[in-house]
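The values are calculated or read from the model by the stated rules, or taken from the named source; none is laboratory data. Bear in mind that the values here come from a model prediction, so they are computed numbers and not experimental data. Here the Cβ positions follow ideal geometry from the backbone for every residue, glycine too, while neighbour counts run over all protein chains shown. These area figures cover heavy atoms from the full protein model, side chains too; ligands, DNA and RNA do not enter into them. Shrake-Rupley method; radii C 1.70, N 1.55, O 1.52, S 1.80 Å.
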Amino acid sequence: MSVGTHEPEGVVEDVTVWLTNEFSTKLSPVAVGAIVRATHRDLREQVVPEALGEMLHRLARDRIARLVQVL
């Protein structure tokens, strides 16, 4: 995934769309969005803005992948 430098809301939306498409057979878009938003809250203020998109994508994807393994 390539996420450029966007406003945080745009990054959250981009990552949500990307991961919703990736996990559409396992989780609803609402569930994916909730995980991405929670991950964004966890990362906010923790990483430099330039790295937010990639870090958000990687961490949210990992959380979703672990969740679908137990479902």
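Details
- Sparsely packed loop sites in segment 27-71 (the GluC sites (Glu not before Pro) outside DSSP H, G, I, E and B with at most 12 other Cβ atoms within 10 Å) comprise Glu45.
- Rolling a 1.4 Å probe over the heavy atoms of the protein chains gives the chain an accessible area of 67 Å² per residue.
- Of all accessible heavy-atom area on the chain, the percent that carbon and sulfur account for (1.4 Å): 52
- Reference-scaled alpha-carbon Rg (2.2 N^0.38 Å with N residues) for the chain: 1.02
- Pair Val30, Glu54: separation of 7 Å Cα→Cβ label points (nm): 3.5
- Here is how the number arises for the chain: DSSP H runs of 4 or more residues each give -39500 (n - 2.57), the sum is divided by the residue count, and the result at 222 nm is -23000 deg cm²/dmol.
- 0 to 90° range, to nearest 10: angle between helix 52-70 axis and the chain longest Cα axis: 20
- Rounded to the nearest 20 debye, the dipole size of the chain about its Cα centre is 400 debye, using +1 on the Cβ of Lys and Arg and -1 on the Cβ of Asp and Glu.
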